[in-house]
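This report refers to the structure that appears directly beneath it.
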Amino acid sequence: PASPAASPAAAAGAVAEKPEAPRARVRGRLGTWATLSSMLVGGAMLQMGVVFREGGLALAIVVIVLMAAVSHWTMTLIARCLDRVAELVPEDQRNGEAVDWPLIGQVVAGRPGRLIVTIVFVVELFVMATYLQVLGCSTMAVIFPAADKLALVGAGGGATLALLAVPDRFTSFVSSAGILAAALFVVLLVASGACLAGGGGTGTGPGPADLTLVDAGALPTVVSIVAIAMVAHAEVGQVYMRMEHKEDFASASGGAFGTAAALYIAVGLVGYFCYGTSVKDNLLGNLGHDVDGEPLLGFVWLQKLAAAMFAAKLQAMQPLLLGPLGSTLESGAWALAARAGPA
């Protein structure tokens with residue numbers, strides 16, 4: 001009898017074989033760090049003001065640091081699982097399939113495990129890609145408020161297709177551009193806060209008495225936002241398997257989670273110190289405005305520039321989600337064709 005580790009195509013005596021894909025370009029530690037960092041630093045950055053506003057300075061920082069550490073640890077555990085799966089399912093039994101979550105489910109619980117894990121894996125990637133596309137279009141609406149919403153959706157879809165056409169050897173550069181866009185967003189937030197502190201608006205910023213250190217009652221809200229911000233585990237399979245020296249993955253992962261935590265803390269601190277309880281659920285609403293929501297004279301352009309930077313950041317994340325999604329769907333289609341046999 002076929003073992004659970006055997007590929008569905010091999011177990012069924014497949015007659016359809018998936019064409020061998022071109023070998024993916026390997027990545028070094030720096031490229032892996034850039035890719036993981038780009039995966040982690042996403043839409044949740046816009047909500048870091050809420051994390052600090054609701055939880056307070058100390059609680060927010062502690063939760064972000066602890067969640068980054070736990071997420072890094074679980075990421076390294078996934079890497080070990082991928083290594084073990086690669087041993088149990090030799091390359092000649094995979095029918096060209098990438099070592100990823102579906103194979104983990106197959107090794108653990110056979111075909112039912114593979115089916116369950118694949119469904120969860122595909123749904124998560126699809127939901128995340130859709131969420132980023134919608135968020136990107138709403139961000140573009142800040143730049144072009146008079147533009148038709150469908151036109152913005154079409155533009156976002158076109159940008160995603162263009163990024164999917166980028167050769168694999170340039171994906172690390174795309175990821176690095178996404179990190180740069182996130183860093184520039186932090187700079188623009190600091191600039192907006194500096195204009196506010198310089199008296200550019202009619203409202204007054206928060207004083208020490210207006211800031212909270214710990215609000216334990218907000219812990220569920222803080223943890224839920226930060227937990228989502230620190231999740232990139234569904235996409236890690238292809239990133240890890242493309243590493244040239246897999247022993248460097250732990251340091252690359254630690255650096256990525258450290259980068260994400262530093263950016264999230266920086267954004268939250270600046271937003272909270274500058275706007276206090278007036279910080280909005282989406283930090284883009286604060287940029288270029290004072291604590292009363294009135295435009296800062298001569299600095300409203302900061303909001304549009306920051307929106308452009310963040311829209312670019314969100315677009316840079318799409319290939320990282322759609323790549324594994326497309327690969328999984330393709331493997332599933334070939335497996336079904338193999339079981340069906342000749343018409």
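In the stretch 306-322, the residue that is nearest to V117 (Cα to Cα) out of those that are touching a Leu at 6+ places or on another chain (Cβ under 8 Å) and either open to solvent by 10 Å² or more (accessible area, probe 1.4 Å) or among the small types (G, A, S) (or both) is L322. What pairs come up if the first residue lies in the stretch 100-125 and is in contact (Cβ under 8 Å) with a residue 40 or more places away in the chain, the second is of a type in the set (V, I, T) and not in a helix (DSSP H, G or I), and their beta carbons are under 8 Å apart, counting only those six or more places apart or on different chains? Pairs that qualify, where the first residue is in contact (Cβ under 8 Å) with a residue 40 or more places away in the chain and the partner is of a type in the set (V, I, T) and not in a helix (DSSP H, G or I), are Q106/V89; V107/V89.
Whether any residue in the stretch 216-227 is more than 30 Å from P90 (Cα to Cα), in a helix (DSSP H, G or I), among the hydrophobic types (A, V, I, L, M, F, W, C) and modelled with pLDDT under 90 is what I want to check. No - not one qualifying residue is present in the stretch 216-227. Within the stretch 64-77, the set of residues being open to solvent by 20 Å² or more (accessible area, probe 1.4 Å), in contact (Cβ under 8 Å) with a residue 24 or more places away in the chain and within 10 Å of H233 (Cβ to Cβ) comprises just one member, T74.
The stretch 19-118 holds helices (runs of 4 or more DSSP H) entirely within its bounds, and those carrying 1 or more residues that are touching a helix residue (DSSP H, G or I) at 6+ places or on another chain (Cβ under 9 Å) and among the acidic types (D, E) map to 48-55, 57-88.
Could you tell me how many of the residues in the stretch 108-138 are farther than 30 Å from K304 by Cβ and either touching a Lys or Arg at 6+ places or on another chain (Cβ under 7 Å) or surrounded by fewer than 19 Cβ atoms within 10 Å (Cβ to Cβ) (or both)?
The initial filter retains those residues of the stretch 108-138 that are farther than 30 Å from K304 by Cβ, namely 108-126.
Applying the additional criterion that residues be either touching a Lys or Arg at 6+ places or on another chain (Cβ under 7 Å) or surrounded by fewer than 19 Cβ atoms within 10 Å (Cβ to Cβ) (or both) yields 108-113, 115-116, 119-120, 122-124, 126.
Of the residues in the stretch 108-138, 14 are farther than 30 Å from K304 by Cβ and either touching a Lys or Arg at 6+ places or on another chain (Cβ under 7 Å) or surrounded by fewer than 19 Cβ atoms within 10 Å (Cβ to Cβ) (or both).
The residue pairs whose first member lies in the stretch 231-242 and is in contact (Cβ under 8 Å) with a residue 12 or more places away in the chain, whose second member is of a type in the set (D, E), and whose beta carbons are closer than 8 Å, counting only pairs six or more residues apart or on different chains, are A234/E124; G237/D100; Q238/D100; M241/D100. Is it fair to say G105 is crowded, with 23+ Cβ neighbours inside 10 Å and farther than 24 Å from F257 by Cβ? Yes: the conditions hold for G105. Checked against (1) open to solvent by 60 Å² or more (accessible area, probe 1.4 Å); (2) at pLDDT 85 or above; (3) farther than 26 Å from P319 by Cβ, P90 passes all but a single condition, namely (1).
Could you identify the single residue in W301, W334 that is of a type outside the set (S, T, N, Q), modelled with pLDDT of 80 or more and more than 23 Å from I225 (Cβ to Cβ)? Walk me through it before giving the result.
Values: W334 fails: modelled with pLDDT of 80 or more.
Criteria check complete, one pass: W301.
The values are calculated or read from the model by the stated rules, or taken from the named source; none is laboratory data. Given the structure is predicted, the values throughout are model-derived calculations rather than measurements. Quick reminder, even Gly has a Cβ in these numbers, built from the backbone with ideal geometry, and neighbours come from all protein chains shown. Note: areas computed on protein heavy atoms with side chains; ligands, DNA, RNA excluded. Shrake-Rupley method; radii C 1.70, N 1.55, O 1.52, S 1.80 Å.
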